[in-house]
Amino acid sequence: TILNKCFNDMFFNIFPLFILGNTNLQTKGGSITVDSSDGSLKASTYHGTIDVYVSQLRKVDLKSQKGSITVKVPESLKAYLELSGRKVDVSSEIQLKETQSVSKDDHVTLSGHMNQRDEKDKWIKADTQNGKVCLKSQSWIQSVKLRSS
């Protein structure tokens, strides 16, 4: 477990397995992969991709300048979402309410509530300037099985 940690890496990939508490991950040239996040997570990369499984959350803020972002969540997760990129894909199993989609200069921003309408204290923001944002439904067991195969 990692509590209140900050990892700053210039060029390498960051692969923490499980994050608990408030965590900040940064890399310029590498990618960030998190198998499970329970708490607040801030992750940013310039060239790399971000791939995160969010099991429980408070605040999740993901940014990539040139790479894509994949966020995997359990179907039952309750959160406010703000997803922004050249393209935004949300898997069909995920039910969003009160969605808004804004397109401007080859950039799409999709916002909405997942499995609730009021909660704005628990949110996921994913923003990439030149990549794609994917929101997928996945159980924790599936994420562990996929990693070990």
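Mind running the shape call on the range 80-145? Use the C-alpha gyration tensor, a ≥ b ≥ c as the square roots of the eigenvalues: rounded below 1.5 for a/c, prolate if a/b tops b/c, oblate otherwise.
Taking the square roots of the gyration eigenvalues as a ≥ b ≥ c, the range 80-145 is oblate.
Can you spot the lysines whose alpha carbon is less than 23 Å from residue 136's alpha carbon? Ignore those fewer than 8 places along the same chain.
Reachable lysines: 42, 59, 63, 66, 72, 78, 87, 97, 120, 122, 125, 145.
Using packing as a proxy for protection, rank 32-45, 81-94 so that the peptide with the highest average count of other Cβ atoms within 10 Å comes first.
By packing density, highest mean first, the sequence is 32-45, 81-94.
Going by the alpha-carbon gyration tensor, a ≥ b ≥ c the square roots of its eigenvalues, is the range 35-149 rounded (a/c under 1.5) or, if a/c is not under 1.5, prolate (a/b greater than b/c) versus oblate?
Oblate.
Bear in mind that the values in this text are calculations on the coordinates, not laboratory data. Given the structure is predicted, the values throughout are model-derived calculations rather than measurements. Heads up, the Cβs are rebuilt from the backbone with ideal geometry, glycines too, and the neighbour counts pull from every protein chain shown.
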